[in-house]
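The values are calculated or read from the model by the stated rules, or taken from the named source; none is laboratory data. Remember, it's a predicted structure, so these values are computed and weren't measured experimentally. Note that we place each Cβ from the backbone using ideal geometry, even for glycine, and neighbour counts take in every protein chain shown. Quick note on the areas: whole protein, heavy atoms, side chains included, nothing else; ligands and nucleic acids left out. Shrake-Rupley method; radii C 1.70, N 1.55, O 1.52, S 1.80 Å.
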Amino acid sequence: MKKIITFLFIAIYSLSSSQVKALTEDGKEVVLFENKTWRFVNESDEKTMDEIETNEKEFTKSADATFLLKSKKLDAGIYISPKKWKTIKISVLPTAEYTFQNLTNPNIMTLGCLMSENVPIQTLKNLRDVILSSIQSKADYFKLNKSEYRTVNGIKVLYIDYSLNTTGMDFHYIGNYYLTEDGYSNIVSFTYEKEYEKNRTEMLNFINGLVKIEKQEAIETIEYTSPPPPMSTKK
C-alpha cells in the first residue's frame, strides 16, 4: 500500500508527461492517449481562467476535527479528525510538511497534504497564476473547475478545484491556499476523478481544517554523553 501511495505522489507532483501531444488545424493543443482517445490539453473556459469569484459563505472546521498539527515554517496549521485521517510518512516533496490518508475507505486512495513555502508572493491571485501555470505546463490534461475567495476559520483563502491527467490517470484536486507574511501555506486533498463525488464531503471537511496559528517552535535537542567510568589501577 505504501509503495502505491508513494508512486501516486511522484506521478502527480512531478507531473512528468508520458502522453503524446499534437496540434489541431486551428492551433489547439490536444493529448493523445494510449487507448486511442484524445482531449484538449486545457479544457478550462476563458471565464473560469480569468475570473476569481468570491464566496460569501463562512466556512469552519468540522466538529470532529480536534487534532491540531502546526506548520514548522509559517503561522498556519491544520485541524484533522483523527478518526478519519492519519499521517503517513512520504518523503517526496520538500514543501510537504504533513501527508495524510483518509481512513473512511482504505481501498480508495484519498490523500491530503499540508504544504508551506517561504516565497515572496504578493497576492492570492499571484499565487493562483503561479500554481496554474506550473500545472498546465506539465500535466497531460488540465481543467480548472473553479477558483474563488473564501473565508475559512476567519482567514481569507483562495479555493482551487481542478482536474488533471498524468501518466494516463485522472485525478481531482481541491485546496485552500493562505498567504502569510513569510510565504504561503496550503492544504490540498485529491483522489481519482471517478471517486471524487463519493469523497467530496470528506475532502472539503479536510481542507477546511486550515487555521492561522503561530508556527511550531523548533526544539533544540542537546545530547549528553556520560563520562567513561574511572579506570582501575593495578596494584
Looking only at segment 169-191, decide whether some residue is assigned to a strand (DSSP E or B), of a type in the set (Val, Ile, Thr), farther than 19 Å from Gly77 by Cα and touching a strand residue (DSSP E or B) at 6+ places or on another chain (Cβ under 8 Å).
yes
Among (1) surrounded by 15 or more Cβ atoms within 10 Å (Cβ to Cβ); (2) at pLDDT 95 or above, Thr99 falls short only on (2)
Ser16, sole failed condition from (1) hydroxyl-bearing (Ser, Thr, Tyr); (2) loosely packed, with under 14 Cβ neighbours inside 10 Å; (3) modelled with pLDDT of 50 or more:
(3)
Take the residues in segment 181-195 that are more than 18 Å from Ile131 (Cα to Cα) and open to solvent by 10 Å² or more (accessible area, probe 1.4 Å), then tell me which one is farthest from the chain's Cα centre (by Cα).
Glu181
Could you tell me which numbered condition Gly154 fails, if it satisfies all but one of (1) surrounded by 14 or more Cβ atoms within 10 Å (Cβ to Cβ); (2) at positive phi?
(1)
Restricting to segment 53-82, and then to whatever is among the acidic types (Asp, Glu) and more than 18 Å from Ser189 (Cβ to Cβ), can you tell me which residue is surrounded by the fewest Cβ atoms within 10 Å (Cβ to Cβ)?
Glu56
What's the number of the condition Asn118 fails, among (1) touching a Gly at 6+ places or on another chain (Cβ under 8 Å); (2) open to solvent by less than 60 Å² (accessible area, probe 1.4 Å)?
(2)
With the requirement that a residue be at pLDDT below 95 and out of contact with any Lys or Arg (no Cβ under 8 Å at 6 or more places or on another chain), what does segment 52-68 give you?
none
